[in-house]
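Peer 1: The following block contains the structure, expressed as structure tokens.
The values are calculated or read from the model by the stated rules, or taken from the named source; none is laboratory data. Quick caveat, the model's predicted, so the values are computed rather than measured. A quick note on method: Cβ atoms are made from the backbone with ideal geometry, for glycine too, and the neighbour counts reach across all protein chains shown. To get the accessible areas, we keep the full protein, side chains included, count just its heavy atoms, and leave off ligands, DNA and RNA. Shrake-Rupley method; radii C 1.70, N 1.55, O 1.52, S 1.80 Å.
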Amino acid sequence: MPRFDNGETSIYYEEHGRGFPLLLIAPGAMNSTVEMWANAAINPLAVYGEDFRLIAMDQRNAGRSTGPLDVADPWGSFASDQLALLDHLGVGAFHVMGCCIGGSFALKLIEQAPTRVAAAVLEQPIGIVNDNGPLIEATWRAWGTQLAAERPDIDAQTVEEFGIRMWTGDFVISVDKDFVRSCSTPMLVLPGVDAYHPTATGRDIAALAPHGEVLEPWRDTPEHVEQAVEAVRRFLRTHIPEESASERDSA
């Protein structure tokens with residue numbers, strides 16, 4: 001079982017395929033694990049293995065990955081895990097595809113390492129809008145209750161402080177709208193259609209980002225999902241850095 005240990009943190013990960021690296025950040029809210037990709041409308045593990053070097057992982061304290069709760073910088077701690085894993089695997093530049101909470105993780109990752117992320121695909125990103133805050137809160141509290149029950153090194157008070165710090169805010173929570181306005185990374189956004197993944201959030205990300213694109217409709221019919229799979233493939237191929245594309249073509 002592939003595992004990367006980094007200080008007090010231990011990350012489970014998988015690699016599939018070959019080509020330009022594509023980091024996959026799964027749906028599932030705080031239970032973002034490799035297996036959760038099977039529930040996504042577009043599962044990159046099932047469709048892009050012949051196009052890219054797929055790197056999937058269980059996020060810290062989800063599935064088979066463990067680590068402390070960084071109350072001071074929750075979103076930053078996840079980005080640090082992701083970058084440390086890529087460093088461990090010898091990856092420099094990479095694409096990222098995030099679904100659900102993976103969209104917020106991806107945007108934080110771009111903030112932390114803008115020169116390394118060549119392009120990003122956000123599949124039904126989460127967001128806090130209108131009155132959906134209690135739904136998001138209930139999700140992280142359920143995760144936290146289970147984590148505290150299973151981990152004697154983590155108490156309920158720490159979970160409370162971590163959850164409130166991580167989930168206080170609006171928009172995509174991990175970064176603000178000003179950052180997205182300033183972000184030069186190419187992004188393809190596939191908006192969600194429910195209260196956890198508001199359509200407005202996906203549209204706003206694409207509209208704010210200088211190089212943002214929105215794909216709609218994309219999941220209302222099987223035909224549209226198939227077209228979206230190809231659109232994502234084209235987008236990611238188009239944005240492979242020129243030097244990496246040249247190396248691939250000469251291999």
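Peer 1: Which one of Pro152, Pro68, Pro74, Pro114 is within 23 Å of Glu8 (Cβ to Cβ), touching a residue at least 60 places away in the same chain (Cβ under 8 Å) and open to solvent by 30 Å² or more (accessible area, probe 1.4 Å)? Lay out the reasoning, then the answer.
Peer 2: On the way: Pro152 fails: touching a residue at least 60 places away in the same chain (Cβ under 8 Å); Pro74 fails: open to solvent by 30 Å² or more (accessible area, probe 1.4 Å); Pro114 fails: within 23 Å of Glu8 (Cβ to Cβ).
Unique residue meeting the criteria: Pro68.
Peer 1: Related question: Which one of Ser104, Ser65 is at pLDDT 95 or above, in contact with a strand residue (DSSP E or B) (Cβ under 6 Å, 6 or more places away or on another chain) and farther than 19 Å from Arg233 by Cα? I'd like the intermediate steps shown before the answer.
Peer 2: Details: Ser104 fails: in contact with a strand residue (DSSP E or B) (Cβ under 6 Å, 6 or more places away or on another chain).
Residue meeting the stated conditions: Ser65.
Peer 1: Here's something else I'd like to know. Could you give every pair whose Cβ atoms fall below 7 Å, whose first residue belongs to segment 156-177 and is in a loop (DSSP other than H, G, I, E, B), and whose second residue is crowded, with 19+ Cβ neighbours inside 10 Å and polar (S, T, N, Q), counting only separations of at least 6 or pairs across chains?
Peer 2: If the second residue must be crowded, with 19+ Cβ neighbours inside 10 Å and polar (S, T, N, Q), the pairs left are Val172/Ser104; Val172/Thr201; Ile173/Ser104; Ser174/Ser104.
Peer 1: Since Pro114 meets every condition but one in (1) in a loop (DSSP other than H, G, I, E, B); (2) more than 18 Å from Ser174 (Cβ to Cβ), which condition does it not meet?
Peer 2: (2)
Peer 1: Would you say Asp178 is under 22 Å from Pro27 (Cα atoms), open to solvent by 80 Å² or more (accessible area, probe 1.4 Å) and of a type outside the set (A, V, I, L, M, F, W, C)? Write out each step before concluding.
Peer 2: Details: under 22 Å from Pro27 (Cα atoms): no; open to solvent by 80 Å² or more (accessible area, probe 1.4 Å): yes; of a type outside the set (A, V, I, L, M, F, W, C): yes.
Considered against the rule, which asks whether it is under 22 Å from Pro27 (Cα atoms), open to solvent by 80 Å² or more (accessible area, probe 1.4 Å) and of a type outside the set (A, V, I, L, M, F, W, C), Asp178 comes out as no.
Peer 1: Only one of Ala84, Ala79 is among the hydrophobic types (A, V, I, L, M, F, W, C) and open to solvent by 10 Å² or more (accessible area, probe 1.4 Å). Can you tell me which? Quick ask: steps written out before the conclusion?
Peer 2: On the way: Ala79 fails: open to solvent by 10 Å² or more (accessible area, probe 1.4 Å).
Every option except Ala84 fails the conditions.
Residues checked against (1) more than 20 Å from the chain's Cα centre (by Cα); (2) of a type in the set (D, E, K, R); (3) under 30 Å from Thr185 (Cα atoms):
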residue: Pro114; (1), (2), (3): no, no, yes
residue: Glu123; (1), (2), (3): no, yes, yes
residue: Asn130; (1), (2), (3): yes, no, yes
residue: Ile136; (1), (2), (3): no, no, yes
residue: Trp140; (1), (2), (3): no, no, yes
residue: Trp143; (1), (2), (3): no, no, no
residue: Ala149; (1), (2), (3): yes, no, no
residue: Pro152; (1), (2), (3): yes, no, no
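Peer 1: Suppose we filter Glu242, Glu161 for residues that are within 20 Å of Phe94 (Cα to Cα) and out of contact with any helix residue (DSSP H, G or I) (no Cβ under 6 Å at 6 or more places or on another chain); which single one remains? Let's see the steps before the verdict.
Peer 2: Values: Glu161 fails: within 20 Å of Phe94 (Cα to Cα).
Testing whether each residue is within 20 Å of Phe94 (Cα to Cα) and out of contact with any helix residue (DSSP H, G or I) (no Cβ under 6 Å at 6 or more places or on another chain) leaves just Glu242.
Peer 1: Being among the hydroxyl-bearing types (Ser, Thr, Tyr) and within 15 Å of Ser104 (Cα to Cα) narrows it down to one of Thr158, Thr199, so name that one. Don't jump to the end; show me each part of the working.
Peer 2: On the way: Thr158 fails: within 15 Å of Ser104 (Cα to Cα).
None of the others qualify; the one that does is Thr199.
Peer 1: Could I ask something else about it? Filtering segment 181-224 down to residues that are of a type in the set (Val, Ile, Thr) and touching a residue at least 60 places away in the same chain (Cβ under 8 Å), which residue is nearest to Phe235 (Cα to Cα)? Lay out the reasoning, then the answer.
Peer 2: Applying the first criterion (of a type in the set (Val, Ile, Thr)) to segment 181-224 yields 185, 189, 193, 199, 201, 205, 214, 221.
Among the residues that remain, those that are also touching a residue at least 60 places away in the same chain (Cβ under 8 Å) are: 185, 189, 193, 201, 205.
Details: Thr185: 12, Val189: 11, Val193: 22, Thr201: 21, Ile205: 17 Å.
The extreme case among them is Val189.
Peer 1: Inspect all residues belonging to segment 125-146 and state whether any of them is under 19 Å from Met36 (Cβ atoms) and in contact with a Cys (Cβ under 6 Å, 6 or more places away or on another chain).
Peer 2: yes
Peer 1: A follow-up question, please. When only residues in segment 4-27 that are among the β-branched types (Val, Ile, Thr) and in contact with a Gly (Cβ under 7 Å, 6 or more places away or on another chain) count, which is surrounded by the most Cβ atoms within 10 Å (Cβ to Cβ)?
Peer 2: To start, the set of residues in segment 4-27 that are among the β-branched types (Val, Ile, Thr) comprises 9, 11, 25.
Cutting the leftovers down to in contact with a Gly (Cβ under 7 Å, 6 or more places away or on another chain) gives us 9, 25.
Values: Thr9: 19, Ile25: 27.
That would be Ile25.
Peer 1: Consider Asp220 carefully, then state whether it is open to solvent by 30 Å² or more (accessible area, probe 1.4 Å), acidic (Asp, Glu) and closer than 16 Å to Lys108 by Cα.
Peer 2: Taking the combined requirement at face value, the residue does not satisfy it.
Peer 1: Give the residue, chosen from Gly103, Gly63, Gly92, that is crowded, with 16+ Cβ neighbours inside 10 Å and in a loop (DSSP other than H, G, I, E, B). Break it down into steps so the answer makes sense when it comes.
Peer 2: On the way: Gly103 fails: in a loop (DSSP other than H, G, I, E, B); Gly92 fails: crowded, with 16+ Cβ neighbours inside 10 Å.
From the options Gly103, Gly63, Gly92, the qualifying one is Gly63.
Peer 1: Right, another one. Residue check: is Thr201 closer than 25 Å to Pro74 by Cβ, under 17 Å from the mean Cα position of the chain (by Cα) and not in a loop (DSSP other than H, G, I, E, B)? Break it down into steps so the answer makes sense when it comes.
Peer 2: Details: closer than 25 Å to Pro74 by Cβ: yes; under 17 Å from the mean Cα position of the chain (by Cα): yes; not in a loop (DSSP other than H, G, I, E, B): yes.
Considered against the rule, which asks whether it is closer than 25 Å to Pro74 by Cβ, under 17 Å from the mean Cα position of the chain (by Cα) and not in a loop (DSSP other than H, G, I, E, B), Thr201 comes out as yes.
Peer 1: Return a yes/no flag: does segment 232-245 have any residue that is open to solvent by less than 100 Å² (accessible area, probe 1.4 Å), assigned to a helix (DSSP H, G or I), farther than 18 Å from Val189 by Cα and at pLDDT below 95.
Peer 2: yes
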